[in-house]
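Have a look at the structure below, then the notes.
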Amino acid sequence: MAMVESQSVIYRKLAAHVFLWFFLALIIFPLLMVIAISFRTGNFAVGDIIPSNPTLDHWRLALGMSIIDESGRTIPPPFPVLLWLWNSVKVAVISAILIVALSTTCAYAFARLRFSGRSLLLKAMLIFQMFPAVLALVAYYALFSRITEYFPPLGLNTHPGLIFAYLGGIALHVWTIKGYFETIDKSLEESAMLDGASPWQAFRLILLPLSVPILAVVFILAFITAITEYPVASILLQDEAKLTLAVGSQYYLNPQEYKWGDFAAAAVMSGLPITLVFLLAQRWLVGGLTAGGVKG
Amino acid sequence: MADVKIDHLVKNYNPGVARDVLRDINLDIKEGEFVVFVGPSGCGKSTLLRAIAGLDDITSGDLYIGGKRMNDVPPVNRGVGMVFQSYALYPHMTVRENLAFGLKIKKIDKAIAKERVAQASAMLGLDSFLERKPKALSGGQRQRVAIGRALVQHPDVFLLDEPLSNLDAALRVKTRIELARMHQERGSTTIYVTHDQVEAMTLANKIVVLSPLTDDGAASNLEQFGPPLDLYHAPANRFVAGFIGSPKMNFLDGMIEEAGEQRTRIKLDTGISLTASVDSSRGRAGDKVEVGIRPEHTVMLDDPRADNRVTGTVQVAEHLGAETFVYLEVGGKDFTVKVRPETPAAPQSQFDIGVPADACYLFDAKGQAFPRTARFSRT
Ligand SMILES: Nc1ncnc2c1ncn2[C@@H]1O[C@H](COP(=O)(O)OP(=O)(O)OP(=O)(O)O)[C@@H](O)[C@H]1O
Ligand SMILES: [Mg+2]
């Protein structure tokens, strides 16, 4: 049964709804534009939102199929878009998994273990993270070219190298997970240890299962960050076949010719894995996992 | 089964910065004993329990369980089971999984583990909840799961930290009786922390009274260790006397008028004289003392045992049906007496009460008790 509401509350609700719809439109409109561009004949950024004579040409090219233009010539797909997408997904999934693993163990140490320099280290991590990666691009390049000399599989122009670079950005995640761990009563792990669990078992069998929601959040964030990341990937990757979609799709936009339509199709495609991951991860985003463990 | 010996134990969470939480604790807990820790909030009861379990390390001193020095032995190898003040059930596991967790970790044979879980669940009445998660249980049921989880480990020493504190009155009594029965059946050494006087007096073979340490340089904060009735009748000092018993003991200031081995005459600050069955031979006339009188040890004036008379002004009277408590003011101090039900006591009126000499406790200026030469009981 709904609660009885006064007139003013109803007006305020209405106002909130109007505001939310407006806000939603603001967010969705650019997306609709990109989708519209990807179906518009020719490579034009401006035009009707519902294309007047829609075409699948841009999508064909993006999906690696040749098209036949007005003059009857066969145009092969200029870039391996599907390969780029695969590269993106590969890099993003692996780096997200590794980031979750690293930041969880790191956060456990910060939340539960006592060691000297703990708070200093925590703050320092966050401060270093505030330094924008773009400003460190030169350093990234120098570092990885040096690594290439000694251990090429992890050096420039490799996916492992790129993933390695992404692993540097875990400070924020460590803070997030640490905050969550600290809301979980320590007596649960102490109890497990009395039951005979090693610290590792207490972590894996008690703390981790209770932290699934925050791990899912961190996974999604890390995945999105990796799949949309441009600056570092554009510096570290060089071969066309190794590019990620975020980097590769920029090839459509060179000053001689802005291929907006092809670019839009590729851009929409790069959004697909994110949506997919989100839908998959949603089932883990549940609350109340720790309910009933300790008395309030 | 094992005995627990604590030898000159000191605990300080932050040596050199913070003050000690526990100082020079010496306890000899025999196999199969039920020992209760009591003391005001913050006096270190949980800390001592955690030190025994190995969840907190000991700053100095030694801890022996079953004759083995345990200072550096991890919790799991101490043979202790602990019920946390907060229950600490694993929220993502069912009751059955909670109970079986430790057995699984220790790789105990599956058939034996199953048997033990079944036994504990039957004993604690958990059979119908085994497949539920803790959040679907009531406080009392969670409580029993917590006890069961420690029980299935077959611990030598059973540690319980205020396990009944969140239960309602009826369930508390029920669980208290269950615990007593369980102890009789299994006979494992049990250490139990509580704030509740009744729990302490009814469950304990022996009670440990701890006091919070202040900066006064006390040698130890272990005030007394002994059987409940010894603590009640022969408290070692004013702290224990004031802590054991409910309502609290009344204290009146005075000085020794005439010391003696069997009887002592005391002149109270209010001017009246009082005879107490106390051996004050170590004191002298003129020494400042405090007289302690339990509310339940006062008698009506017409009682033949009313050796002394105390007069006060009535503040409040509480009629509880079975008994009546009258709160008096005597010489500026609160003085509670327990009297026959429905005794009239109008606020602000004068109220006379009899105090048997055998009912008096006497403490010197340092708070140490003089030996009593008699034990009083009202009936
Ligand atoms: N981890 C800790 N670090 C520093 N001081 C602590 C820590 N745990 C407890 N203390 C201090 O030690 C003292 C004793 O705490 P403890 O929890 O043992 O008290 P307690 O007797 O169990 O109290 P209560 O009856 O309220 O549960 C308190 O003054 C507390 O502030
Ligand atoms: Mg406590």
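Points to keep in mind about this one:
- For residue B:61, the residues whose amide H sits under 5 Å from its own are B:10, ignoring neighbours fewer than 5 places away on the same chain, with H placed 1.01 Å from N.
- Residue B:350-residue B:285 FRET efficiency (beta carbon distance; Förster radius 22 Å; 0.05 resolution): 0.10
- Mean partner shielding of peptide A:196-208, defined as the number of other chain Cβ atoms within 10 Å of each residue Cβ, is 3.
- Sparse-neighbourhood loop sites, trypsin sites (Lys or Arg not before Pro) in region A:107-177 - DSSP loop, at most 10 other Cβ within 10 angstrom: A:114
- Inter-chain Cβ neighbour count for B:79-88, averaged per residue, equals 5 (cutoff 10 Å, partner chain atoms only).
- Kyte-Doolittle mean at least 0.5 and Cα axial length at least 18 Å: DSSP H helices in chain A: A:7-39, A:81-112, A:118-130, A:137-150, A:212-228, A:260-281
- Dividing the summed helix terms, -39500 (n - 2.57) for each DSSP H run of n ≥ 4, by the number of residues in chain B produces a 222 nm estimate of -6500 deg cm²/dmol to the nearest 500.
- Ordering of A:40-52, B:130-142 by burial proxy (mean other Cβ atoms within 10 Å per residue, highest first): B:130-142, A:40-52
- According to the Cα-based calculation, Rg over Rh for region B:157-196 is 0.97, with Rh computed by the Kirkwood formula.
- Ratio of the Cα radius of gyration of the protein assembly as shown to 2.2 N^0.38 Å, where N counts its residues: 1.43
- Our coupling estimate for region A:63-72, obtained by passing each phi through the Karplus curve with A = 6.51, B = -1.76, C = 1.60 and θ = phi - 60°, is 8, x, 9, 6, 10, 10, 7, 4, 7, x Hz, Gly and Pro reported as x.
- Peptides B:253-265, B:34-46, A:281-293 ranked from most to least packed, by the mean per-residue count of other Cβ atoms within 10 Å: B:34-46, B:253-265, A:281-293.
- Straight-distance candidates among the lysines for linking to residue A:90, with alpha-carbon spacing under 18 Å and chain neighbours fewer than 8 residues away dropped: A:242.
- Remark on residue B:305: its backbone amide H falls under 5 Å from none of the residues 5 or more positions apart or on other chains, H modelled at 1.01 Å from N.
- Under 15 Å, Cβ to Cβ, from residue A:124 - net charge with Lys/Arg +1 and Asp/Glu -1: +3
- For residues of A:285-294, the mean tally of beta carbons on other chains within 10 Å: 5
- Share antiparallel - DSSP beta bridges, the protein assembly as shown, percent rounded to 5: 80 percent
- Gyration tensor (alpha-carbon) shape descriptor, chain A, a/c threshold 1.5: oblate
- Sorting the segments B:16-28, A:178-190 by their mean number of nearby beta carbons within 10 angstrom, highest to lowest, gives A:178-190, B:16-28.
- Of the GluC sites (Glu not before Pro) found in region B:311-379, those that fall in a DSSP loop while having at most 15 other beta-carbon atoms within 10 Å are B:323, B:342.
- Among the chymotrypsin sites (Phe, Trp or Tyr not before Pro) within region A:47-134, those in coil by DSSP and having at most 10 neighbouring Cβ atoms inside 10 Å are A:115.
- Between residue A:201 and residue B:184, the C-beta separation translates, for a Förster distance of 30 Å, into a calculated FRET efficiency of about 0.30.
- Across region B:180-186, coupling constants 3J(HN,Hα) worked out from phi with the 6.51/-1.76/1.60 Karplus curve, θ = phi - 60°, read 4, 5, 4, 5, 5, 5, 8 Hz, and Gly and Pro carry x.
- Straight-line cross-link partners of residue B:267 among the lysines, defined as a Cα under 28 Å from its Cα and at least 8 positions apart when in the same chain: B:248, B:288, B:333, B:338, B:366.
- For the set A:123/B:133; A:178/B:135; B:5/B:135; A:178/B:107; A:186/B:206, the pairs lying more than 29 angstrom apart at their alpha carbons are A:123/B:133; B:5/B:135; A:178/B:107; A:186/B:206.
Read-outs: derived from the displayed coordinates by stated rules, not from any lab. Just so you know, these numbers come straight off a predicted model, no measurement behind them. Because the Cβ atoms are built from the backbone with ideal geometry, glycine has one as well, and the counts that use them run over all protein chains shown.
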